[in-house]
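S.K.: Dropping the structure in here first, questions after.
The values are calculated or read from the model by the stated rules, or taken from the named source; none is laboratory data. From a predicted model like this one, the values you see are computed outputs, not experimental measurements. Ideal geometry is used to build each Cβ from the backbone, glycine not excepted, and the neighbour counts take in all protein chains shown.
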Protein chains: 2
Amino acid sequence: MANDEKRSLTLRDVSEVSGVSEMTVSRVLRNRGDVSNATRERVLRAAKDLGYVPNKIAGALASQRVNLVAVIIPSLSNMVFPEVLSGISQVLESTDLQPVVGVTDYLPEKEEKVLYEMLSWRPSGVIIAGLEHTEAARAMLAASGIPVVEIMDVDGKPVDAMVGISHRRAGREMAKAILKAGYRNIGFLGTKMPLDHRARKRFEGFTEALAKEGVEIAQKEFYSGGSALAKGREMTATMLEREPELDFLYYSNDMIGAGGLLYLLEQGIDVPGQIGLAGFNGVELLQGLPRQLATMDACRREIGVKAAEIIAAQGEGKDTAMVTELTPKISFGDTLKRR
Amino acid sequence: MANDEKRSLTLRDVSEVSGVSEMTVSRVLRNRGDVSNATRERVLRAAKDLGYVPNKIAGALASQRVNLVAVIIPSLSNMVFPEVLSGISQVLESTDLQPVVGVTDYLPEKEEKVLYEMLSWRPSGVIIAGLEHTEAARAMLAASGIPVVEIMDVDGKPVDAMVGISHRRAGREMAKAILKAGYRNIGFLGTKMPLDHRARKRFEGFTEALAKEGVEIAQKEFYSGGSALAKGREMTATMLEREPELDFLYYSNDMIGAGGLLYLLEQGIDVPGQIGLAGFNGVELLQGLPRQLATMDACRREIGVKAAEIIAAQGEGKDTAMVTELTPKISFGDTLKRR
DNA sequence: CGCAGAAATGTTATCGCGAACAACGCTTGA
DNA sequence: TCAAGCGTTGTTCGCGATAACATTTCTGCG
């Protein structure tokens, strides 16, 4: 069954064993073209006995086709991108395409490097998070000649196609809901965000909508690194110490929101009576919390699905919409009064 | 800067623009061999102007070398594997190797498929989670002729190298610690684990060590799917309803443990006085909980680091240890009495 | 039985790059 | 001035597969 040679097997080895030409072996293994059942079986048998695994490198070079889709995202360690990936995988599973993931750690230069690396494998498409890239990265994407889908965000101009939500609008909507519920003394807690453009846009939309009603954010607090849950806890404590009059806390993601929620409950503070809370993302984690945190679904899975569908469709020559804006819905949970 | 042709660029295009041979361009772009500064700069300039990205497919075929390391893991959506990955990436970053991730969803057939797919790209090494694979998968690994490191687990026989902890031992140690603290009426909560061999082994070690002291697990509960935090909560409620006399709950992972902890605290139950708790993995999340859950670190990052080091070393022809067993440490937290 | 047309199989020419070796040209010292 | 020596650049060939076309072997039907 196994083979112990140093040199790896080729079509030629299989063809010699099965007594047909390399071309026929190739046809059998790719299920393409007419091959009689007898030879097909003989070839499959030989391939299996030898433990032959086709060399896609050579195959790709010869056929000028690579069944890979580059997926470039900032991080795997929060809950958001794995869910996007799962949407992508689900769709691609029914095609012959395969996702390959690259992680950028929110660093533009690393993004550029990862992109270069992936493009050098000539994938069939690129799905990349965000609309902000280095100039070189944009140029590569534009020059690549393959379908490109920028995801998560629609506040900007895409190289090619984009699928996402408007984070500015998400921030605005949340602000409106908060104001409508009667809160006025609002604190914001988020990541240090020079490089997280989507968090920044939410923040901008949020402050903008507040300003329109003459409200200004009373307190801000930013973190970076560490356990988000713990950070949410700490930041909440710090902020309330500084400004006990706050009646609402808007967190830029659910994890720190959850940390804040746990802290407030521990302190015996009335949520949402005394203080209201809201996060962002709609992560699954929230379902296990003592109280349901108000949040806004970022449509992560759906974004992955749509993006993959675009790539798959373009692979088949079909035309597709260039911009797909999804609309997140507020979930009020138990931490944001309704009216 | 950008190029709009349909056909993608080749060395030839760059060579024509810069007026040297393709070989010289190749040398410049790979930083290999002697090239005068004048031509080097001319070539780099041309490549950049054209937006040329080398074709690694052709390069790999010609050089018979691929700088990819296949990393095959069951899931991305829990906290455990991303951390392993981060260890791997960190090490590989200082080499010219690059990880490529494949996900199996804990399904042996999918693992086999993913492995086949990855091997067909002729990577420089394979890092794969677990010691249990289909026979075909084992055969492929053995026949591949490249370094293979099986990770996470050392309770079994590896194809080649392995790095991990003994989950049987981890289960035993936790059992001992629990007994030593005086608990006797113990419940177990975990995943439905026919396919999660490591969870199964922990469970086996756990029951075995209890049995040695004449203790038997009083209640068991298994889940699958859904939000782990919420499941932990539900299962804990169910279990205590069925058997209020329990004085300890051992969870097969920290997420469900955290759900249980939150539930118990809400119910005003004295932890760890009335009921003790422990989980497994040592995930970062725990740091934000109201009380520190007892757990056992799975050495995830370190496993990734060691595995990557082995691959990197073998790439350079160095010999390495075939078995690396790491020893997890119990962290008592606030939910397991000390003696 | 014979021949058209389909089915099955083989042949040849790439694909884009890198390894190995060849050739070039400039410096240097006898 | 010229050969040796070295740094630099070019040529040839092949990596392992597939596309496109060529050829052979079956079929079926008049």
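S.K.: Take the residues in segment A:95-121 that are in contact (Cβ under 8 Å) with a residue 24 or more places away in the chain and polar (S, T, N, Q); name whichever of them is farthest from B:Leu97 (Cα to Cα).
M.R.: Ranking the candidates gives A:Thr95 first.
S.K.: Can you tell me which residues in segment B:9-25 are over 12 Å from B:Tyr52 (Cα atoms) and either of a type in the set (Gly, Ala, Ser) or not in a helix (DSSP H, G or I) (or both)?
M.R.: B:Ser18, B:Gly19, B:Val20, B:Ser21 - these are the residues of segment B:9-25 that are over 12 Å from B:Tyr52 (Cα atoms) and either of a type in the set (Gly, Ala, Ser) or not in a helix (DSSP H, G or I) (or both).
S.K.: How many residues are away from DNA strand C (no atom under 13 Å from the Cβ) and assigned to a loop (DSSP other than H, G, I, E, B) if we restrict to segment A:46-56?
M.R.: 4
S.K.: Further question on the same structure: Which of the residues belonging to segment B:305-339 are in contact with an Asp or Glu (Cβ under 7 Å, 6 or more places away or on another chain) and not hydrophobic (A, V, I, L, M, F, W, C)?
M.R.: B:Pro328, B:Lys329, B:Ser331
S.K.: May I ask you to list the residues in segment B:309-323 that are surrounded by 19 or more Cβ atoms within 10 Å (Cβ to Cβ) and not hydrophobic (A, V, I, L, M, F, W, C)?
M.R.: B:Glu309, B:Gln314
S.K.: To continue, here is another question. Under 6 Å between Cβ atoms, which residue pairs at least 6 apart in sequence (or on different chains) link something in segment B:288-310 that is under 15 Å from B:Leu249 (Cβ atoms) with a partner that is among the acidic types (Asp, Glu)?
M.R.: Final answer for the pair search is B:Arg291/B:Asp334; B:Thr295/B:Asp254.
S.K.: Just to be sure I understand, how many residues within segment B:57-77 are surrounded by 21 or more Cβ atoms within 10 Å (Cβ to Cβ) and assigned to a helix (DSSP H, G or I)?
M.R.: So the count comes out to 2.
S.K.: Could you tell me whether A:Phe203 is over 17 Å from A:Leu326 (Cα atoms), assigned to a helix (DSSP H, G or I), among the aromatic types (Phe, Trp, Tyr) and assigned by TED's automatic domain parsing to the domain that holds A:Asn281?
M.R.: Yes.
S.K.: A further question follows. Identify, please: which residue in segment B:10-25 is away from DNA strand C (no atom under 11 Å from the Cβ) and not hydrophobic (A, V, I, L, M, F, W, C) and is, among those, surrounded by the fewest Cβ atoms within 10 Å (Cβ to Cβ)?
M.R.: So the residue we want is B:Gly19.
S.K.: Restricting to segment A:314-335, name every residue that is in contact with a helix residue (DSSP H, G or I) (Cβ under 7 Å, 6 or more places away or on another chain) and farther than 15 Å from A:Val283 by Cα.
M.R.: First, pick out the residues of segment A:314-335 that are in contact with a helix residue (DSSP H, G or I) (Cβ under 7 Å, 6 or more places away or on another chain): A:320, A:324, A:326, A:328, A:330, A:335.
Within segment A:314-335, A:Thr320, A:Thr324, A:Leu326, A:Thr335 meet the criteria.
S.K.: Another question, then. Could you give every pair whose Cβ atoms fall below 8 Å, whose first residue belongs to segment B:55-72 and is touching a residue at least 40 places away in the same chain (Cβ under 8 Å), and whose second residue is among the β-branched types (Val, Ile, Thr) and within 12 Å of DNA strand D (Cβ to nearest atom), counting only separations of at least 6 or pairs across chains?
M.R.: Sorted first by the residue in segment B:55-72, then by its partner, the pairs are B:Ala60/A:Ile57; B:Ala60/B:Val66; B:Val66/A:Ile57.
S.K.: Kindly indicate whether A:Gln274 is at pLDDT 95 or above, assigned to a loop (DSSP other than H, G, I, E, B) and either within 14 Å of chain B (Cβ to nearest Cβ) or buried (at least 23 other Cβ atoms within 10 Å of the Cβ) (or both).
M.R.: So A:Gln274 does not fit the description; no.
S.K.: Output the strands (runs of 3 or more DSSP E) that fall wholly within segment B:78-189 and possess 2 or more residues being farther than 21 Å from B:Glu302 by Cβ, or say none. Write out each step before concluding.
M.R.: On the way: elements: B:98-103, B:125-129, B:148-153, B:161-165.
Counting at least 2 such residues, we get B:98-103.
S.K.: Just to verify a result, which residue in segment A:283-308, among those that are surrounded by 23 or more Cβ atoms within 10 Å (Cβ to Cβ), assigned to a loop (DSSP other than H, G, I, E, B) and within 14 Å of chain B (Cβ to nearest Cβ), is nearest to the chain's Cα centre (by Cα)?
M.R.: Top of the filtered list is A:Val283.
S.K.: What do you reckon, is B:Gly226 within 20 Å of B:Thr191 (Cα to Cα), without any contact (Cβ under 8 Å) to a residue 12 or more places away in the chain and small (Gly, Ala, Ser)?
M.R.: So B:Gly226 passes the test.
S.K.: Ok, one more. What residue, among those in segment B:224-251 that are of a type in the set (Ser, Thr, Tyr) and at pLDDT below 95, is surrounded by the fewest Cβ atoms within 10 Å (Cβ to Cβ)?
M.R.: The initial filter retains those residues of segment B:224-251 that are of a type in the set (Ser, Thr, Tyr), namely B:224, B:227, B:236, B:238, B:250-251.
Still in the running and at pLDDT below 95: B:224, B:227.
Details: B:Ser224: 10, B:Ser227: 19.
In this case the residue turns out to be B:Ser224.
S.K.: Could you please find all residues in segment A:236-256 being of a type in the set (D, E, K, R) and more than 20 Å from the chain's Cα centre (by Cα)?
M.R.: Scanning segment A:236-256 gives A:Glu241, A:Arg242, A:Glu243, A:Glu245, A:Asp247.
S.K.: Taking segment B:125-147 as the region of interest, how many residues are within 13 Å of chain A (Cβ to nearest Cβ) and over 25 Å from B:Glu204 (Cβ atoms)?
M.R.: Result for segment B:125-147: 10.
S.K.: Right, another one. Residues of segment B:29-45 being assigned to a helix (DSSP H, G or I) and either at positive phi or near DNA strand D (Cβ under 8 Å from one of its atoms) (or both), which ones?
M.R.: Start the filter on segment B:29-45 by keeping residues that are assigned to a helix (DSSP H, G or I), which leaves B:29-30, B:37-45.
Of everything in segment B:29-45, those that are assigned to a helix (DSSP H, G or I) and either at positive phi or near DNA strand D (Cβ under 8 Å from one of its atoms) (or both) turn out to be B:Asn37, B:Ala38, B:Thr39, B:Arg40.
S.K.: From the set of residues in segment A:31-90 that are farther than 30 Å from A:Leu229 by Cβ and hydroxyl-bearing (Ser, Thr, Tyr), which is farthest from the other protein chains (Cβ to nearest Cβ)? Walk me through it before giving the result.
M.R.: At the first step, the residues of segment A:31-90 found to be farther than 30 Å from A:Leu229 by Cβ are A:31-70.
Next, from what is left, pick out any that are hydroxyl-bearing (Ser, Thr, Tyr): A:36, A:39, A:52, A:63.
On the way: A:Ser36: 25, A:Thr39: 22, A:Tyr52: 9, A:Ser63: 10 Å.
The extreme case among them is A:Ser36.
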